[in-house]
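The values are calculated or read from the model by the stated rules, or taken from the named source; none is laboratory data. In this text, all values refer to a predicted model and were calculated from it rather than measured experimentally. Here the Cβ positions follow ideal geometry from the backbone for every residue, glycine too, while neighbour counts run over all protein chains shown.
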Amino acid sequence: MTTLHIPKPIVEAMRTHGEETYPHECCGVLLGHPTPDGWRVASAVRAGNTRSDSAHNRYHIAPLELVKIQREATKQGLDIAGFYHSHPDHPAQWSPTDFAEAHWIGCSYVITEVAHGTARATNSFLLAGMTEEDKHFENETIAIGE
Ligand SMILES: [Zn+2]
């Protein structure tokens with residue numbers, strides 16, 4: 001099992017983001033460094049939720065916005081470590097839609113349950129596999145640091 005190493009202030013920022021956008025989903029990008037057992041997160045970047053059709057259960061980061069975030073990350077010597085979003089009034093487990101829309105193999109996907117406006121569980125899943133055909137989510141441990 002891999003581990004997502006993440007400083008406490010970044011965990012809190014993700015969870016607060018989900019509370020702020022409740023009852024809609026929030027989403028964002030995690031930047032960091034790869035380690036042999038999982039990503040070491042250095043920062044989180046908030047992204048706009050462009051799924052105006054059903055923002056309460058869908059999230060999407062505009063390709064142009066993602067390109068900008070990736071360019072900034074490269075400047076800082078960081079990689080895209082993963083993505084985070086919230087599940088308003090739903091468990092912190094990936095949905096079939098989350099799986100279908102996950103394409104960054106090797107990245108971590110972090111989900112926070114926000115129940116009645118309050119952040120509850122936060123879980124992380126590694127998108128493992130070699131190709132789009134054999135990709136799959138694996139549970140990973142979250143190690144919260146200072
Ligand atoms: Zn989701």
message: Quick test of your reading of the structure: Lys135 fulfils all but one of (1) surrounded by 14 or more Cβ atoms within 10 Å (Cβ to Cβ); (2) of a type outside the set (Val, Ile, Thr); (3) within 22 Å of Gly18 (Cα to Cα). Name the failing condition by number.
response: (3)
field: In segment 67-93, residue farthest from Gly18 (Cα to Cα) [restricted to those that are within 13 Å of the ligand (Cβ to nearest atom) and of a type in the set (Gly, Ala, Ser)]
entry: Ala92
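Going by the conditions given, is Gly48 modelled with pLDDT of 95 or more and of a type outside the set (S, T, N, Q)? Walk me through how you get there before you give the answer.
Working: modelled with pLDDT of 95 or more: no; of a type outside the set (S, T, N, Q): yes.
Criteria not met by Gly48.
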statement: Those residues of segment 51-71 which are within 12 Å of Glu25 (Cα to Cα) and modelled with pLDDT of 90 or more amount to none
